[in-house]
1. Tell me the residue from 68, 41, 11 that is under 25 Å from residue 340 (Cα atoms), modelled with pLDDT of 95 or more, surrounded by fewer than 21 Cβ atoms within 10 Å (Cβ to Cβ) and out of contact with any strand residue (DSSP E or B) (no Cβ under 8 Å at 6 or more places or on another chain), please.
2. Going through 217, 204 one at a time, which residue ends up being at pLDDT 95 or above and crowded, with 22+ Cβ neighbours inside 10 Å?
3. When you scan the stretch 279-303, how many residues do you find that are in contact (Cβ under 8 Å) with a residue 60 or more places away in the chain and either touching a strand residue (DSSP E or B) at 6+ places or on another chain (Cβ under 8 Å) or in a helix (DSSP H, G or I) (or both)?
4. Among the residues of the stretch 238-253, write down those that are more than 18 Å from residue 148 (Cβ to Cβ), modelled with pLDDT under 95 and surrounded by fewer than 17 Cβ atoms within 10 Å (Cβ to Cβ).
5. Scan 137, 85 and give me the residue that is modelled with pLDDT of 95 or more, under 19 Å from the mean Cα position of the chain (by Cα) and closer than 22 Å to residue 164 by Cα.
6. Select from the stretch 38-49 the residues that are in contact (Cβ under 8 Å) with a residue 24 or more places away in the chain and either more than 20 Å from residue 97 (Cα to Cα) or not in a loop (DSSP other than H, G, I, E, B) (or both) and list them in ascending order.
7. Assigned to a loop (DSSP other than H, G, I, E, B), farther than 29 Å from residue 163 by Cα and either in contact with a helix residue (DSSP H, G or I) (Cβ under 8 Å, 6 or more places away or on another chain) or at pLDDT 95 or above (or both): is that true of residue 76 in this structure?
């Protein structure tokens with residue numbers, strides 16, 4: 001018989017999060033916010049005033065501290081390790097600097113020779129600080145809180161490695177895709193293989209969830225995504241198939257790629273606000289969980305707007321197989337009170353009754 005999960009389940013944050021990823025009954029929808037550790041928090045700004053961005057990323061105790069801040073302040077249901085998607089590019093051999101104007105990668109990729117000069121790296125050595133930060137977060141938060149590890153999806157990291165910076169357009173990367181498709185394919189393969197080991201090291205450190213960020217997916221046509229990015233993304237997720245971790249894929253501009261994203265091997269598709277959650281659920285069916293997808297601009301308005309947006313998003317999925325989040329990162333000017341209201345409203349939103357055999361008493 002159908003039972004409301006709230007009457008039959010007593011869940012920890014980690015149990016709730018992982019059940020949502022498996023589209024199983026939950027007592028309430030889990031909530032976290034992309035870029036939840038960052039500039040909108042005064043506590044983060046205080047740390048940042050004393051340390052550079054890369055110092056925070058590469059000092060495990062500092063990375064752990066700023067990762068934990070939104071958990072303590074907002075009451076989110078998961079903690080994502082504070083790091084940067086360009087850490088892998090640096091480990092592969094492209095020197096990284098992060099001035100106030102935005103990250104810069106020296107020696108950007110221009111041809112096949114540059115791709116072949118990229119290094120294979122040992123995450124236990126070159127990026128050990130990321131694993132150490134995850135271990136510190138797990139020790140502080142305890143076993144009942146999910147910790148999220150992450151990396152860039154191959155196409156997005158390739159764009160930054162080709163462009164040499166993270167702001168503005170990716171016209172050079174798109175030109176290389178058209179004029180040197182085999183070079184791009186080789187680069188995507190090298191990135192995917194490096195990312196596998198990088199994520200495995202995060203899982204070994206204690207991450208129970210991993211997410212790939214594909215910020216530039218929307219710049220690809222559906223045929224380009226299917227031919228280039230999908231195989232590289234599948235390689236990563238298939239390599240993690242034997243692991244008990246939940247796998248999330250975020251693709252900005254996801255509406256045009258939804259069918260391909262469903263074939264990626266991800267357990268959860270994190271979608272932006274360009275596609276309606278109810279429409280995404282109808283197109284994908286009940287087996288893939290959804291994350292998202294509130295427009296971050298809404299949280300700049302009022303706490304009432306933030307609460308309404310959270311409740312509306314949950315209503316569109318009924319709270320089944322849904323992790324409430326934004327459709328992209330939280331904006332620096334967001335009032336902390338609005339972020340709190342968003343989380344609180346997500347927690348209070350009713351979850352539709354669901355029949356799950358293991359929940360029947």
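1. Every option except 11 fails the conditions.
2. Answer to the selection: 217.
3. So the count comes out to 2.
4. Within the stretch 238-253, 241, 242 meet the criteria.
5. 85
6. Scanning the stretch 38-49 gives 40, 41, 42, 43, 44.
7. Judged against the criteria, residue 76 is a match.
This table checks each residue for (1) outside any helix (DSSP H, G or I); (2) free of Cβ contacts under 8 Å to residues at least 40 places away in the same chain; (3) within 28 Å of residue 208 (Cα to Cα).
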site	(1), (2), (3)
19	no, yes, yes
24	yes, no, yes
51	yes, yes, no
54	no, no, yes
61	no, no, yes
66	no, yes, yes
115	no, no, no
126	yes, yes, yes
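The values are calculated or read from the model by the stated rules, or taken from the named source; none is laboratory data. Small disclaimer: the values here were computed from a predicted structure and weren't measured. Positions of Cβ are backbone-derived with ideal geometry, glycine not excepted, and every protein chain shown enters the neighbour counts.
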